[in-house]
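The values are calculated or read from the model by the stated rules, or taken from the named source; none is laboratory data. Bear in mind the structure is a predicted one, so any value in this text is a computation, not a measurement. Here the Cβ positions follow ideal geometry from the backbone for every residue, glycine too, while neighbour counts run over all protein chains shown. The accessibility values were calculated without ligands, DNA or RNA, using every heavy atom of the protein model including side chains. Shrake-Rupley method; radii C 1.70, N 1.55, O 1.52, S 1.80 Å.
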Amino acid sequence: MSLAICSLKWEAAHTGAQTITYDSDGYHLVRFPYVTGEEQYDPWNMHDPAQGGDSASTFPDARSALIWPSHDGWGVLSAMVFWEADSAGLEYRARYVRDPLNLSTGYNSTATTDMSPTRGGQYRTYMWQMFVHPGTPLGLKISVRGTGDVKVSTPLMLAEFKLAIHTDVKTP
């Protein structure tokens, strides 16, 4: 079975804080730098700054959040998000979104997860599987909600976003 893989990582300790801004859907689109090494792996150029616009994207613009699938196939998406401790956060949410910036096929969220906080920092992993296609980018969106569903800008410490595409899906 062949796989095409993209693995992105952002860490506040190495890249600086990520400003948490909420889009009209109430979620923040997590950005990733254009680098390779350690957990960052992108031999298929699925996190290419040239994708999705007339000029090259630069981290931390919104397009630096996107993975552009290199192949049609069965995609296994996974993510890890670490938030700093914040007593104002009552719900921690994450979702995967097809075309979160409406650049091709239109915004389509899937696999939203909602969890209550534990004591201290919040450390979460997420996984979802779905068909993916070139030309339809994917993004990881997060949200922290407080009392009265108020959006809280709880700082992130670390985020990873990965896509493994099974390219040889059999059909009957």
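Listing for the model above:
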{"quantity": "For the chain: relative contact order, % (alpha-carbon pairs under 8 angstrom, 6 or more apart)", "calculated": "35 percent"}
{"quantity": "Dipole moment magnitude, nearest 20 debye, the range 77-152 about Cα centre, only Lys, Arg, Asp, Glu C-beta charged", "calculated": "60 debye"}
{"quantity": "Per-residue ³J(HN,Hα) for the range 161-166, Karplus 6.51 cos²θ - 1.76 cosθ + 1.60, θ = phi - 60°, Hz, x for Gly and Pro", "calculated": "9, 9, 9, 10, 9, 7"}
{"quantity": "Accessible area expressed per residue, the chain, with surrounding protein chains retained (probe 1.4 Å, Å²)", "calculated": "49 Å²"}
{"quantity": "Accessible carbon and sulfur surface of the range 54-172 relative to its total accessible area, %, 1.4 Å", "calculated": "55 percent"}
{"quantity": "Test item: Cα-centred dipole of the chain, Lys/Arg +1 and Asp/Glu -1 on Cβ, debye", "calculated": "320 debye"}
{"quantity": "Spin-label proximity, T112 to the range 1-40 - amide N less than 18 Å from point 7 Å beyond Cα toward beta carbon", "calculated": "21-30"}
{"quantity": "Förster radius 30 Å - calculated FRET efficiency between N45 and R124 (Cβ-Cβ, nearest 0.05)", "calculated": "0.60"}
{"quantity": "Exposure rule at most 12 other beta-carbon atoms within 10 Å, DSSP loop trypsin sites (Lys or Arg not before Pro): the chain longest free segment", "calculated": "1-118"}
{"quantity": "Nearest-0.05 FRET efficiency for S153 and D54, computed from C-beta distance (R0 30 Å)", "calculated": "0.45"}
